Amino acid sequence: MLRSDQILATVEMIQKENLDVRTVTMGISLLDCRGGDVEQTCKKIHSRIIDYAGNFVATCDTISKKYGIPVVNKRIAVTPIAFVGAGFFREDFVRIAQTLDQAAKDVGVDILGGFSAQVEKGMTNTDLEFIASIPEALARTERVCSSINIGSTQKGINMDALAMMGKTIKDLAEITADQGGFAAAKFVVFCNQPGDNPFMAGAIHGLEEADAVLNVGVSGPGVIARALERLIEKHPEPGTLRLDELAEEIKQTTFRVTRCGELIGRAVSKSLGIEFGVVDLSLAPTPTVGDSVGEIFKILGVDAIGAPGTTAILAMLNDAVKKGGIFASKTVGGLSGAFIPVMEDAMLAEAVGDGSLCLEKLEAMTCVCSVGLDMIAIPGSVDADTISAIIADEMALGLINAKTTAARLIPVPGKEVGDSVSFGGLFGASPIMPIRNIGKSSRFIAWGGRMPAPIHSFKN
C-alpha cells in the first residue's frame, strides 16, 4: 500500500534533491544486419535502429511528464560491432560508426554505445581491423561510444590486446587534441563487461539478449546525501547514531530511488511494446553541486576524500545501495553500485586538485565499487605502455575478484599536472591527476600473451 509520507518524500526527492532516472537505454540486436558489403550492412543497421527507436525519445518524454520524474538521457546500445562487421576492414568500421552516429541523431538519442569488441581470450583479424578503426571512428562521430572487453574471470586477460589499448587511448587523445583529447572520454576498457549495462561509455547489447530490450539506469547520490544529513541532524548527540543505522537509511532511500526507475522503465517498455530488461542500481554522479558521491564520503565522516576510511565508506555505500535496490526491482543487472568518475563528480575532481585523492587510492576504492578508474584526466605526456599498465592493474582487480571493472583514462594533449580540462555537460571537468613511475612498466607490457584465469574460474 502506498503511504502518503512516502509519496511526499519522493516528491521532495524529485523537486529538491536531484532525483532522476539517469538513463533509459534501448538495446538493439544488429546480428542479422550483416549485408554483402559495408553499404548494404549500413543500410540495414540504420533501418533497424529507426524501426525500433523511432518513437523512443518521444515516448520517454511522455512518460516522464506523466509521472513527473525527469529522464535525463535516452540512449541506445547495440550488438558489439566487431561481431556485426565480421570480415570487414578498418575503413568499413569507420563507415559503420558514421552510420550509427547518423541513426542516433535521426532518432534523437544522446549517445549510442556498442562500437565494441570482445577479445578477452584472443583476437581475430576482424578484431585487429576494428581496434585500428577506433580513433578515426570516434573522432569522426559525435554520439558514438566505444568499448573493448579484454579480460574475464573465466578467460583471463588478453595481454596482446592490453598492449594495444594504451596506444589506442593515446591516438584517441591526439586525434582530438583541439578538443582536449575528448575522444578518449568516449572509450572504455573492461574486464567482465556485462551485456545489459545502460551506462555509457560501456553500454553494449550482449549476444545473449533479445532483439530489443529496455534497460534503466537510476541515480540519486544527492538524494542519499540529503537523507543522511536529515538523519544526522535528528541525532546531534555523540553515540546516538551508529553506522549500521546510517547504512539502513541508505538502503531505504535507494529502495525509493529504484522504484522510480522501475516505474519509468516498465511504462516506457509497455508503451513501445519492447521487453523490459533490468534496472542498474548504480549511483551515477553529475558535475552539478549537490549530486556527488564524493559528498557522501564527507557526510559519513572523512574530512578529505581519499583519507583513511574512504574505501570502507564506499564499501558500505555500495552494499547498502545493492540491498535496497534489489528488493525494489524485479530484475537488477548492469553494474549496480556506486560510480566514482572523477571528471563527472565535482567533489572528486576537487579532491584531485587539492591532492587528497590520488590514483593509487582510487584504484583501492575500485575494489569495492561498481566499476573502475573512470574519467580520469592524466598528463598528455604519459606514454602508451604506462597507460596500458595502469589498465592492467585495474583489469587484474576484476579478474581476481570476479567483478566488473573498467578504465577510462584521458591523456590530455599539452596538459600537465597543475592544469585542468573541461568537457562540459555530464562529462564534467577536472585537474590533471599526477601519475607516478611513468615509463617504468614497458618490459611488463612487452611480454604479451595471456594472463591466465584465476583458480576460482574453474567452477563447472
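The values are calculated or read from the model by the stated rules, or taken from the named source; none is laboratory data. For clarity, every value in this text was computed on a predicted model and none was experimentally measured. Glycine also receives a Cβ, built like all others from the backbone with ideal geometry; neighbour counts cover every protein chain displayed. Keep in mind that these areas ignore ligands, DNA and RNA; they rest on the heavy atoms of the full protein, side chains included. Shrake-Rupley method; radii C 1.70, N 1.55, O 1.52, S 1.80 Å.
In the set (1) open to solvent by 30 Å² or more (accessible area, probe 1.4 Å); (2) at pLDDT below 95; (3) among the hydrophobic types (A, V, I, L, M, F, W, C), the condition left unmet by Leu19 is number (1). Taken residue by residue, the range 145-163 has no member that is among the basic types (Lys, Arg), farther than 21 Å from Gly87 by Cβ and either open to solvent by less than 10 Å² (accessible area, probe 1.4 Å) or modelled with pLDDT of 95 or more (or both).
Suppose we keep only residues that are in a loop (DSSP other than H, G, I, E, B) and among the aliphatic types (A, V, I, L, M) within the range 359-397. Which one would you say is surrounded by the most Cβ atoms within 10 Å (Cβ to Cβ)? Even if it seems obvious, please write down each step before you answer.
From the range 359-397, those in a loop (DSSP other than H, G, I, E, B) are 366-372, 380-383; that's our starting set.
Narrowing further to those that are among the aliphatic types (A, V, I, L, M): 368, 371, 382.
Working: Val368: 20, Val371: 28, Val382: 22.
Of everything passing the filter in the range 359-397, Val371 is surrounded by the most Cβ atoms within 10 Å (Cβ to Cβ).
Taken over the range 36-66, the criterion of being open to solvent by 10 Å² or more (accessible area, probe 1.4 Å) and either of a type in the set (S, T, N, Q) or touching a Lys or Arg at 6+ places or on another chain (Cβ under 7 Å) (or both) is satisfied by Val38, Gln40, Ser47, Asn55, Val57, Thr59, Thr62, Ser64. Kindly indicate the residue of the range 430-456 that is in contact with a helix residue (DSSP H, G or I) (Cβ under 9 Å, 6 or more places away or on another chain) and modelled with pLDDT under 90 and also surrounded by the fewest Cβ atoms within 10 Å (Cβ to Cβ) among those meeting that condition. Here the answer is His456.
Do we have any residue at all in the range 326-333 that's in contact with a Ser or Thr (Cβ under 7 Å, 6 or more places away or on another chain), open to solvent by 10 Å² or more (accessible area, probe 1.4 Å) and at negative phi? Checked against the condition, which is being in contact with a Ser or Thr (Cβ under 7 Å, 6 or more places away or on another chain), open to solvent by 10 Å² or more (accessible area, probe 1.4 Å) and at negative phi, the range 326-333 yields at least one hit. As a summary of the residue check, Val109 satisfies the conditions (1) open to solvent by 10 Å² or more (accessible area, probe 1.4 Å); (2) touching a Lys or Arg at 6+ places or on another chain (Cβ under 8 Å); (3) in a loop (DSSP other than H, G, I, E, B) except for the one numbered (1). Taken over the range 300-337, the criterion of being in a helix (DSSP H, G or I), within 23 Å of Ala429 (Cβ to Cβ) and more than 20 Å from the chain's Cα centre (by Cα) is satisfied by Thr310 alone.
Just one of Glu209, Glu237 is over 20 Å from Ile131 (Cα atoms), in contact (Cβ under 8 Å) with a residue 24 or more places away in the chain, open to solvent by 40 Å² or more (accessible area, probe 1.4 Å) and outside any helix (DSSP H, G or I); which is it?
Working: Glu237 fails: in contact (Cβ under 8 Å) with a residue 24 or more places away in the chain.
Every option except Glu209 fails the conditions.
Under the condition of being assigned to a helix (DSSP H, G or I) and either closer than 18 Å to Pro452 by Cα or open to solvent by less than 10 Å² (accessible area, probe 1.4 Å) (or both), the residues counted in the range 169-184 number 5.
Scan the range 113-156 residue by residue and report those that are over 18 Å from the mean Cα position of the chain (by Cα) and in a strand (DSSP E or B). Listed by number, the list holds a single entry, Gly156. If the condition is being farther than 23 Å from Lys167 by Cα and of a type in the set (Lys, Arg), then the range 419-460 contributes only Lys459.
A quick yes/no check of all residues on (1) under 26 Å from Ala210 (Cα atoms); (2) open to solvent by less than 10 Å² (accessible area, probe 1.4 Å); (3) assigned to a helix (DSSP H, G or I):
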residue	(1), (2), (3)
Glu248	no, no, yes
Glu262	yes, no, yes
Val268	yes, yes, yes
Phe276	yes, no, no
Ile296	no, yes, yes
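Within the range 67-79, residues that are closer than 29 Å to Arg34 by Cβ and open to solvent by less than 10 Å² (accessible area, probe 1.4 Å) have Cβ atoms under 6 Å from residues that are of a type outside the set (Ser, Thr, Tyr) and in a strand (DSSP E or B) in these pairs: Ile76/Met26; Ile76/Leu112; Ala77/Gly27; Ala77/Gly113; Ala77/Gly114; Val78/Ile28; Val78/Gly114, counting only partners at least 6 apart in sequence or on another chain. Among all residues of the range 269-286, there is none that is of a type outside the set (Gly, Ala, Ser), in contact with a helix residue (DSSP H, G or I) (Cβ under 8 Å, 6 or more places away or on another chain) and farther than 18 Å from Val216 by Cβ.
Figure legend. Inter-residue proximity from the range 433-450: first residues in contact (Cβ under 8 Å) with a residue 24 or more places away in the chain, second residues open to solvent by less than 50 Å² (accessible area, probe 1.4 Å) and of a type in the set (S, T, N, Q), beta-carbon distance below 7 Å, spacing 6+ or different chains. Indicated pairs: Ile435/Thr386; Ile438/Thr386; Gly439/Thr386; Ser441/Thr386; Ile445/Ser388; Arg450/Asn158.
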